[in-house]
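What follows is a short report on a single structure.
The values are calculated or read from the model by the stated rules, or taken from the named source; none is laboratory data. Computed from a predicted model, the values in this text were never measured in an experiment. Cβ placement follows ideal geometry from the backbone for every residue including glycine, while neighbour counts extend to all protein chains displayed.
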Amino acid sequence: MSSKALSLSTPVAVVGAGAMGAGIAQVAAVAGHPVRLLDNRPGAAEQAIVGIRAQLAKLADKGKLTAEAAQAAGERLSAAASSAELAGCGLVVEAIVEHLEVKRSLFRELEAICGADCILATNTSSISVTSIAAGLQAPGRLVGMHFFNPAPLMALVEIVSGLATDRDLAAVLFDTAAAWGKTPVRAKSTPGFIVNRVARPYYAEGLRLLHEGAADCATIDAVMREAGGFRMGPFELMDMIGHDVNFAVTKSVWNAFYNDPRFLPSLIQQELVDAGFIGRKSGRGFYDYREGAERPQPQTAAAAGLPAGIAVCGDSPLAQALAARLQAAGVAFARRDSADGRIAEAGAAVLFQTDGRSATQRASESGIANLVLVDLALDHVKATRLALACARQSGTEVQAAAVGLLQAAGFAVSLLRDVPGLPVMRTVAMLANEAADAVNQGVCDAAAADAAMRLGVNYPRGPLAWADAVGVGQIRIVLANLAAFYGEDRYRVSPLIQQAVYAGRRIHD
Ligand code: NAI
């Protein structure tokens with residue numbers, strides 16, 4: 001199919017020359033469009049252009065652009081003194097303050113100035129595209145074009161359609177974003193669009209694990225990074241984003257979904273905001289960034305020694321990875337079948353992968369008092385750390401044997417308080433559940449949901465592809481067990497996951 005992208009001779013306007021507007025202007029200019037930048041703060045547009053040209057020069061120094069391309073892109077940028085100067089543009093991207101009335105009034109003004117074929121785009125991250133468009137004479141010409149920060153580096157652009165958005169114009173913006181070197185995904189205007197909705201459990205489950213005393217921040221962060229394969233753990237990430245911003249997004253999504261408990265904000269984060277401990281930018285958040293402050297280390301079990309009687313049971317991916325790692329380490333072990341899903345035995349310990357029940361509950365229900373649960377990892381062959389939880393019924397020798405086994409297989413082991421689901425499994429199940437609900441409600445398709453999370457927030461794998469890899473049936477069991485344990489609607493299983501299980505299909509089938 002031929003591209004509907006705007007031709008490169010089409011002038012593009014960017015209104016708002018802050019962090020996002022400057023980045024978007026840079027992207028459009030590098031792609032080849034003449035770009036006019038407007039800001040209502042005197043001198044801001046000119047200053048932003050100086051900044052963009054400096055960025056372009058740096059890119060040329062690093063060899064990412066030729067010197068000629070950088071120079072030419074810089075020359076395509078000009079500052080507009082007033083909105084009247086945007087008259088000849090074919091696209092206006094708005095990146096001003098996140099305020100509905102201010103955005104509406106800007107678009108009403110632009111509508112009168114720009115030609116009827118000019119596409120009006122908003123970079124809003126949290127306001128309904130439908131609401132911004134309401135009141136325009138031609139609401140169909142307003143489309144969400146949601147870039148991620150920093151716009152020149154982040155590949156994802158959510159192309160968001162409000163209720164009135166013209167499909168053809170959304171298609172033009174989709175192709176235009178692709179022509180600008182981005183990966184666009186289509187989304188329906190619903191709270192948080194894709195990324196800011198589906199990412200909520202990453203923060204929320206971390207906060208709940210902390211609240212329930214599963215472990216400290218440094219340990220949960222290390223587990224999410226070293227077992228989950230995420231680039232940053234939830235606490236270091238929230239500290240980087242800023243709790244003021246992150247908490248506001250959580251509250252806005254929660255409110256927009258009529259206080260759905262899935263999105264319930266955390267008292268712990270409220271406290272940080274109240275205290276002004278809003279993260280790196282204030283010198284303090286979950287961690288202390290002040291001069292001389294020490295970074296706490298994750299809790300890692302001390303060397304426990306090799307337990308007697310090691311056996312790897314069954315052929316689940318975790319059991320296979322464990323066997324491969326033990327073999328590589330030269331550790332002798334027996335191979336046994338697994339009738340009840342156990343993955344290993346070591347000394348008195350019997351190890352299972354978490355299924356969303358606590359170890360204590362599972363020990364009680366199975367009659368195996370010496371039960372130990374192992375968390376999910378992105379890749380159990382490569383993971384450097386694993387989280388464990390032991391049943392309360394088990395003794396210290398059980399804990400030592402389980403730790404010793406996993407250490408022999410080359411894992412750093414974090415022993416957690418016995419919370420159901422453990423950090424990686426619980427978080428991945430909830431991310432997949434949220435992505436599944438977004439798909440089920442027609443916000444986007446499964447491929448878009450996964451691409452959005454990989455490219456918008458750098459997840460190591462799309463949540464739905466991850467659910468398929470773990471087994472969608474297993475994800476459903478984890479969620480159902482969490483729902484039963486907590487008795488909360490928060491963990492209810494998405495209809496899309498239920499139906500995939502009943503149909504015996506993967507989500508991506
Ligand atoms: P910013 O505060 O860095 O920049 C906003 C700029 O808009 C300022 O230079 C301000 O002077 C100008 N401005 C405000 N009202 C204006 C008006 N009526 N007319 C012309 N200029 C006006 O804000 P930032 O971070 O660049 O965000 C802009 C928009 O992008 C917001 O809607 C925000 O939600 C969205 N966004 C922000 C992201 C981020 O990570 N910062 C990511 C994706 C979207």
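Picking from 256, 222, 303, 218, which residue would you name as being farther than 26 Å from residue 453 by Cα and among the hydrophobic types (A, V, I, L, M, F, W, C)?
Values: 256 fails: farther than 26 Å from residue 453 by Cα; 222 fails: farther than 26 Å from residue 453 by Cα; 218 fails: farther than 26 Å from residue 453 by Cα.
Just one listed residue meets the conditions, 303.
Whenever a residue of the range 360-387 is among the acidic types (Asp, Glu), its partners that are outside any loop (DSSP other than H, G, I, E, B), lying with C-beta atoms within less than 7 angstrom and at least six residues away or across chains, give the pairs 375/223; 375/386; 375/387; 375/423; 375/424; 375/425.
Residue 184 falls short on exactly one of the conditions (1) within 13 Å of the ligand (Cβ to nearest atom); (2) assigned to a strand (DSSP E or B), and that condition is (1). Within the range 488-509, the set of residues being surrounded by 17 or more Cβ atoms within 10 Å (Cβ to Cβ) and either under 22 Å from the mean Cα position of the chain (by Cα) or on the phi > 0 side of the Ramachandran plot (or both) comprises 490, 491, 492, 493, 494, 496, 497, 507.
Within the range 32-73, the set of residues being closer than 22 Å to residue 96 by Cα and away from the ligand (no atom under 16 Å from the Cβ) comprises 33, 34, 53. Taking the stated definitions as given, is residue 253 within 14 Å of the ligand (Cβ to nearest atom), among the hydrophobic types (A, V, I, L, M, F, W, C), touching a Pro at 6+ places or on another chain (Cβ under 9 Å) and not assigned by TED's automatic domain parsing to the domain that holds residue 377? For residue 253, the condition - within 14 Å of the ligand (Cβ to nearest atom), among the hydrophobic types (A, V, I, L, M, F, W, C), touching a Pro at 6+ places or on another chain (Cβ under 9 Å) and not assigned by TED's automatic domain parsing to the domain that holds residue 377 - is met. Scanning the range 163-179 for residues that are surrounded by 24 or more Cβ atoms within 10 Å (Cβ to Cβ) and either touching a residue at least 60 places away in the same chain (Cβ under 8 Å) or polar (S, T, N, Q) (or both) yields 173, 176.
Selection of first residues in the range 142-153 that are farther than 14 Å from residue 16 by Cβ and of second residues that are within 8 Å of the ligand (Cβ to nearest atom) and in a strand (DSSP E or B), restricted to Cβ pairs under 8 Å at least 6 apart or on distinct chains, gives the following pairs, ordered by first then second residue: 142/122; 143/122; 144/122. In summary, residue 112 fulfils each of the numbered conditions (1) away from the ligand (no atom under 13 Å from the Cβ); (2) assigned to a helix (DSSP H, G or I); (3) in contact (Cβ under 8 Å) with a residue 24 or more places away in the chain with the single exception of condition (3). Out of the residues in the range 9-19 that are touching a residue at least 40 places away in the same chain (Cβ under 8 Å) and surrounded by fewer than 24 Cβ atoms within 10 Å (Cβ to Cβ), state the one that is farthest from the ligand (Cβ to nearest atom). Out of the qualifying residues, it is 10. For the range 121-150, the set of residues classified as within 13 Å of the ligand (Cβ to nearest atom) and in contact with a Pro (Cβ under 8 Å, 6 or more places away or on another chain) consists of 126, 128, listed by residue number.
Selection of the range 345-404 for residues being more than 21 Å from residue 307 (Cβ to Cβ) and charged (D, E, K, R) yields 355, 357, 365, 379, 382. Taken over the range 363-396, the criterion of being surrounded by fewer than 21 Cβ atoms within 10 Å (Cβ to Cβ), assigned to a helix (DSSP H, G or I) and at pLDDT 95 or above is satisfied by 364, 365, 366.
Rundown of residues vs (1) of a type in the set (S, T, N, Q); (2) assigned by TED's automatic domain parsing to the domain that holds residue 375; (3) surrounded by fewer than 14 Cβ atoms within 10 Å (Cβ to Cβ); (4) in a loop (DSSP other than H, G, I, E, B), yes/no style:
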| site | (1), (2), (3), (4) |
| --- | --- |
| 315 | no, yes, yes, yes |
| 318 | no, yes, no, no |
| 321 | no, yes, no, no |
| 331 | no, yes, no, yes |
| 338 | yes, yes, no, yes |
| 350 | no, yes, no, no |
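Might you check whether a residue that is within 34 Å of the chain's Cα centre (by Cα), closer than 16 Å to residue 402 by Cβ and either in a loop (DSSP other than H, G, I, E, B) or not assigned by TED's automatic domain parsing to the domain that holds residue 406 (or both) occurs anywhere in the range 292-299? The answer is yes; a qualifying residue exists.
The residues of the range 213-264 that are buried (at least 20 other Cβ atoms within 10 Å of the Cβ) and part of a loop (DSSP other than H, G, I, E, B), listed by number, are 214, 215, 227, 228, 230, 233. Is at least one residue of the range 400-414 in contact (Cβ under 8 Å) with a residue 24 or more places away in the chain, of a type in the set (A, V, I, L, M, F, W, C), part of a strand (DSSP E or B) and surrounded by 20 or more Cβ atoms within 10 Å (Cβ to Cβ)? Yes; the residues of the range 400-414 include at least one that is in contact (Cβ under 8 Å) with a residue 24 or more places away in the chain, of a type in the set (A, V, I, L, M, F, W, C), part of a strand (DSSP E or B) and surrounded by 20 or more Cβ atoms within 10 Å (Cβ to Cβ).
The one condition from (1) farther than 19 Å from residue 15 by Cα; (2) within 16 Å of the ligand (Cβ to nearest atom); (3) touching a strand residue (DSSP E or B) at 6+ places or on another chain (Cβ under 9 Å) that residue 153 does not meet is (3).
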